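Student: Below is a structure I'd like to ask you about.
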Amino acid sequence: MSVHDQLVLCLCELTRLLWKLMLPLLFLSVLLIAVLVLLVLAVRFWLQSSRNARRARDGRPTVAFFHPYCNAGGGGERVLWCAIRALQRRYLDINFVVYTGDLGVMGQQILDGARRRFNIVLPRPVQFVFLRHRLLVEPGLFPHFTLLGQSVGSVFLGWEALTEFVPDLYIDSMGYTFTLPLFRYLGGCRVGSYVHYPTISTDMLSVVRERNPRFNNPDYVSNSLFLSAFKVVYYCLLAMLYGMAGSCSDLIMVNSSWTLNHILSLWRAPNRTSVVYPPCDVSAFLDVPLEEDGDKKCHSIVSIGQFRPEKDHRLQISAFKKVLDRRREGAGAGRR
């Protein structure tokens, strides 16, 4: 037997062996997929049965807001309470639920805090569902791959919320986008979202591509070609998953034109996306006189914003310093 014939015989034997192994693997794969589909359908049926039983008991639909930090007292919380107040005034036959992770307080204490901080009093009570595993979305839990860790953690936290209470309409008001598919496809809910700040943006991708050191792109990453390339791939994959999760939303609201542009580029749902500007209470400013004091002439620059890394206050201070330095240089040249 020639070498060619031996090679052909070996290839035939190898093909037969692979085929014998392929059939059991294919059968096992089909079986696992079938079991997974049946499991998902069973969970969906269980959750929807729970919702239908609650709906029959209450006799009215329920809107639920996912806001694990509803007692924080920031701008996002003002949006939450203003939204609930507006909806309660318009829809008298709807119940409202807030998913929160603030375990150290009672529901009435949260409402009292909203009244003190924002001067917002709800027309009717709301039901609070207290979540025990808010730690899963804490950034400190994920020193590396923070965005991915928080996204995965939000899915588990969303699962806890869904199993505790199944609403008719689910609204993510804090940016946990990866909970949307959970409530839509498993809970059978209509879902909406209000986006304050995109989890990942094209600006973040450009910072990494250009290897600029920032708060979320440390020097050891920006100085390394390999780490920068790896981070670009990581961000691109995360952006793709983020867009897929966000596109599940039946209604998308964003807080600014800047956020709108990023969400449109990532979620690709222009027909369902609208800008809803955050509420601003200006009643306290109505008593401030608008007349200027003629004896006092000065130029003031006021910067308003929370002290958060993405605000990049250090860059703002550096820019102001350059303006002052140029002004001093101009004044010195004028004296000469």
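The values are calculated or read from the model by the stated rules, or taken from the named source; none is laboratory data. Keep in mind that what you see is a predicted model, and the values were worked out from it rather than measured. We place every Cβ from the backbone using ideal geometry, glycine too, and count neighbours over all the protein chains shown.
Student: Look at the stretch 26-65 and say how many of its residues are outside any helix (DSSP H, G or I) and within 30 Å of the chain's Cα centre (by Cα).
Tutor: The number of residues fulfilling the criteria is 6.
So that you can scan it fast, the table gives a plain yes or no per residue for (1) crowded, with 18+ Cβ neighbours inside 10 Å; (2) in a loop (DSSP other than H, G, I, E, B); (3) more than 21 Å from the chain's Cα centre (by Cα); (4) of a type in the set (A, V, I, L, M):
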{"position": "Q88", "(1), (2), (3), (4)": "yes, no, yes, no"}
{"position": "L103", "(1), (2), (3), (4)": "no, yes, yes, yes"}
{"position": "P125", "(1), (2), (3), (4)": "no, yes, yes, no"}
{"position": "L148", "(1), (2), (3), (4)": "no, no, no, yes"}
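Student: Follow-up question, since we're still on this one. Kindly check whether there is at least one residue in the stretch 27-38 that is at pLDDT below 90 and within 17 Å of L169 (Cα to Cα).
Tutor: no
Student: Just to check your reading of the model, which residue among K297, K311, K322 is modelled with pLDDT of 80 or more, on the phi < 0 side of the Ramachandran plot and of a type outside the set (A, V, I, L, M, F, W, C)? Quick ask: steps written out before the conclusion?
Tutor: Working: K297 fails: modelled with pLDDT of 80 or more; K311 fails: modelled with pLDDT of 80 or more.
That would be K322, the only listed residue that is modelled with pLDDT of 80 or more, on the phi < 0 side of the Ramachandran plot and of a type outside the set (A, V, I, L, M, F, W, C).
Student: For the subset of the stretch 255-280 comprising residues that are within 28 Å of F118 (Cα to Cα) and aromatic (F, W, Y), which member is surrounded by the most Cβ atoms within 10 Å (Cβ to Cβ)?
Tutor: Residue satisfying both the conditions and the ranking: W258.
Student: Examine the stretch 75-86 for a residue that is more than 22 Å from the chain's Cα centre (by Cα) and of a type in the set (D, E), and state whether such a residue exists.
Tutor: no
Student: V98: free of Cβ contacts under 8 Å to residues at least 40 places away in the same chain and touching a Gly at 6+ places or on another chain (Cβ under 9 Å), yes or no?
Tutor: So V98 fits the description; yes.
Student: Moving to a separate point now. Of all residues in the stretch 220-254 being among the aromatic types (F, W, Y) and surrounded by 13 or more Cβ atoms within 10 Å (Cβ to Cβ), which is nearest to the chain's Cα centre (by Cα)?
Tutor: Filtering first and then ranking leaves Y242.
Student: Hey, among G158, G113, which residue is in contact with a Gly (Cβ under 9 Å, 6 or more places away or on another chain) and in a helix (DSSP H, G or I)?
Tutor: Numbers: G158 fails: in contact with a Gly (Cβ under 9 Å, 6 or more places away or on another chain).
None of the other options fit; the residue is G113.
Student: Also, I was wondering about something else. Quick one: in the stretch 68-84, of everything that is surrounded by fewer than 19 Cβ atoms within 10 Å (Cβ to Cβ) and out of contact with any helix residue (DSSP H, G or I) (no Cβ under 7 Å at 6 or more places or on another chain), which residue is farthest from R115 (Cα to Cα)?
Tutor: Per the criteria, the residue is Y69.
Student: Here's another thing I want to ask about it. Going through Y176, Y194, Y170 one at a time, which residue ends up being within 26 Å of F96 (Cβ to Cβ), touching a Pro at 6+ places or on another chain (Cβ under 8 Å), at pLDDT 95 or above and crowded, with 21+ Cβ neighbours inside 10 Å?
Tutor: Values: Y194 fails: touching a Pro at 6+ places or on another chain (Cβ under 8 Å); Y170 fails: touching a Pro at 6+ places or on another chain (Cβ under 8 Å).
Exactly one of Y176, Y194, Y170 is within 26 Å of F96 (Cβ to Cβ), touching a Pro at 6+ places or on another chain (Cβ under 8 Å), at pLDDT 95 or above and crowded, with 21+ Cβ neighbours inside 10 Å, namely Y176.
Student: Please go through the stretch 66-82 and pick out each residue that is assigned to a helix (DSSP H, G or I) and under 16 Å from Y176 (Cβ atoms). Can you show your working first?
Tutor: Of the stretch 66-82, the ones assigned to a helix (DSSP H, G or I) are 75-82.
Within the stretch 66-82, G76, E77, V79, L80 meet the criteria.
Student: Tell me, which residue of the stretch 128-146 that is outside any helix (DSSP H, G or I) and among the charged types (D, E, K, R) is surrounded by the most Cβ atoms within 10 Å (Cβ to Cβ)? Talk me through it step by step, then tell me what you get.
Tutor: Applying the first criterion (outside any helix (DSSP H, G or I)) to the stretch 128-146 yields 128-133, 138, 142-145.
Okay, now just the ones that are also among the charged types (D, E, K, R), so 132, 138.
Numbers: R132: 10, E138: 14.
The residue in question is E138.
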